């Protein structure tokens, strides 16, 4: 009953004094999850699912250029910064506000017992879990999806802090340096995200690439291309 009353008041645009004690924090949390669950697709959208899965696999390389099992957090953060810029503005704004809330909630885990991992389990179904994936495929990717959500919460402050260098498409950013048409493709989001996913390893970047007949663009069939087909 309290949650329904709260929903009606919020939908009506009422100013609510949560310090009055009329509503419990659980009422607010449940209503927030309910709102996210009613969205037609997850907040990160179905279109970007495979890219997010690929980002969770980014690991460090050893001195010989071999992949290790240690996650490359910096590369993951940089790839996420670029990928999130492809979200619709409303999704990106809501995601930033939500992650900021969850980040500060997790910082109080000594009091509320809600770590980033626990919060990820609660909110991943509405933020990153696809609604159009069958049960077996979802189960196969469940660990990656949940860990990806936990990573977003833990590193949200860095992910949304782009620093002095403006990323193309950032609201309010201005291009002060003319962009050369000759290098336009290398400055695309696709090229930037692919660089973060593959790293600076030419051999991996060339794999699967072949030259098309004259008059047609080169076709790239890298293993990570399905996750970059959004670009």
Item to check | Those residues of the range 55-80 which are closer than 14 Å to residue 154 by Cβ, free of Cβ contacts under 8 Å to residues at least 40 places away in the same chain and either surrounded by 15 or more Cβ atoms within 10 Å (Cβ to Cβ) or outside the structural domain of residue 145 (by TED's automatic domain parsing) (or both), in sequence order | outcome: 71
Checklist outcome for this item: Of the conditions (1) over 16 Å from the mean Cα position of the chain (by Cα); (2) surrounded by fewer than 20 Cβ atoms within 10 Å (Cβ to Cβ); (3) closer than 28 Å to residue 60 by Cβ, the single one that residue 158 does not satisfy is (1)
Checklist entry - For the subset of the range 108-132 comprising residues that are surrounded by 13 or more Cβ atoms within 10 Å (Cβ to Cβ) and assigned to a loop (DSSP other than H, G, I, E, B), which member is modelled with the lowest pLDDT? => result 131
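Got a sec? Which of 6, 39 is surrounded by 14 or more Cβ atoms within 10 Å (Cβ to Cβ) and assigned to a loop (DSSP other than H, G, I, E, B)?
Criteria check complete, one pass: 39.
The values are calculated or read from the model by the stated rules, or taken from the named source; none is laboratory data. Values in this document were obtained by computation on a predicted structure and should not be read as measured data. Cβ: placed from backbone, ideal geometry, glycine included. Neighbour counts: every protein chain shown.
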